[in-house]
Amino acid sequence: MSLPVNFPDNPHGRHHQSGSPFSAFAPGSDLIQVGSRRWFLQMGMAGLAGLTVPELLKQQASAAPQAQTNQRVQAKSVIMIWLSGGPSQLDTWDLKPQAPREIRGPFNPISTSVNGIEICEHLPKQAAMMDKFAIIRSMDASSSNHTPTTFQAANPKSRRTNDNRDGGGYPSMGSVAAKFRGPNVPGMPGFVALADSMVADIYGAGHLGHRYEPLDGMKSAGKFGMPAGVQASRLNDRNDLRRQFDQLRKHADLSSDLQLQDRYVQEAYDMVLSGKVAKAFDVNRESAQTREKYGKHSFGQKSLLARRLVEAGVTFITMSDAWGHWDHHGDEVKWGGIEKGLKPMLPVFDHGITTLVGDLEERGLLDSTLVLVLGEFGRGPVLTKTNGRGHWTPVMSMLAAGAGVPGGQVIGATDRRGGEIAERRVGPGDLGATVFKKLGIDPYGHWIKPGGRPTPLVEGPSGPIAELG
């Protein structure tokens, strides 16, 4: 007799899930569903409510090594710092001091440690470390809109559609990394998101499947620790129970998927007992001096956690300080305009990004960690009546550092108003190809859509950005 076992993927291709990968085992869930993938999990993990690690491990085991290339891997990890809302290029990395006041805005440029490169006066720490950063001033955001969809997928075909099929099923770069590369350390997640709003600021796996959705890092602290009152010996007793079910399986023609699921249960035990994941999410293990160095604000604490996750073996981390934080339309909106809203934010951001990059370098991690700083688009070249700037898709600026990126350079240029690309146009597909190449994933490879259709990882006539190494 065989038991029907169903392992559904993400049938609707929705990139935002209703909860984290732990939600299936959250207290109060209905776990007993004979014929579902959870039937055997409850039998093997009864009492470990709140832990869906086996599904996470199944994600890692499903990585497809055939998509790897034989090229030299430059990046083991990627930290994408998502500036939700769209930062103003004219008030950060592409100032136009010769333009009229309504275009140039209230800020002045300052020199940096690299001759010929100037950035905003409120980013002095980045200016001092400009030899570590590459600025892209000619990123084409015309296919993007006011969501993380296009640029986190690095795919011009991936867009918000507001019809429960956002992104067209195309996966994010983090999900691609989780599938085709997997984690750097066994038992760690491949893709982690650090955001207060997963729905607003994080784009996930699309049609690549639920197994490659990011782990919600903001809800994971304590989830991998031992449940209160449960000792290692009790877990081992449950492990013995699992072995007894192993004997049952030999006499029942259970599906291969269910047999594999048993393996994920075993690895989940090992993960909990090893304590690796629990330690990675415990920033209290850092010294008070280090926590103070990063800062107690959202950007600093998430940056510190991102560094810890890189050390622990996570491949891709996407972090956002706050939803819409960089959406500076004017003084009448929540985040204010350029002077009242952006100005007080820039020193916090400046401190956070330079602390992270400096710390990665001190720990010998910068050479193998690609750091990307970007949002969904730029801002309009003319100030609004309320001293803000509107959405602007023709161009945006971004930063890159680490993993072989030659610092101290500017890629591309805009016109005298800072609103149009004047030279070296690059697009989201070029960014995706660069990231995949550095991770050792063939940027010209394919993933399989539901129905068996091979689909390019990178769409359009795109290729790695040569200037980024």
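The values are calculated or read from the model by the stated rules, or taken from the named source; none is laboratory data. This structure is a prediction, so every number in the text was calculated from the model and none was measured. Heavy atoms of the whole protein, side chains included, go into the accessibility calculation; ligands, DNA and RNA do not. Shrake-Rupley method; radii C 1.70, N 1.55, O 1.52, S 1.80 Å.
Quick one: of 179/302; 76/157; 76/438; 125/334, which pairs are farther than 20 Å apart, Cα to Cα?
Among 179/302; 76/157; 76/438; 125/334, the Cα-Cα distance tops 20 Å for 179/302; 76/157; 125/334.
So, for segment 106-197, what is the accessible surface per residue at a probe of 1.4 Å, expressed in square angstrom? Present the calculation step by step, with values, prior to reporting the outcome.
On the way: 3030 Å² over 92 residues.
With all protein chains present, segment 106-197 gives 33 Å² per residue.
What is the gain in length, in nm to one decimal, between residue 196 and residue 282 on full extension, counting 0.36 nm per residue of separation less the C-alpha to C-alpha distance?
Gain in length upon complete extension: 29.2 nm.
Give me the percent of accessible area attributable to carbon and sulfur for segment 114-169, probe 1.4 angstrom.
In segment 114-169, the share of accessible area belonging to carbon and sulfur is 43 percent.
Counting only protein heavy atoms and a 1.4 Å probe, tell me what percentage of segment 311-410's accessible area is made up of carbon and sulfur.
Result for segment 311-410: 55 percent of the exposed heavy-atom area is carbon or sulfur.
When all protein chains stay in place, what accessible area (Å², nearest 10, 1.4 Å probe) is found for residue 76?
Surface accessible to solvent at residue 76 totals approximately 120 Å².
Counting heavy atoms of the protein chains only and a 1.4 Å probe, report the per residue accessible area for segment 348-430 as a whole number of Å².
Value for segment 348-430: 33 Å² per residue.
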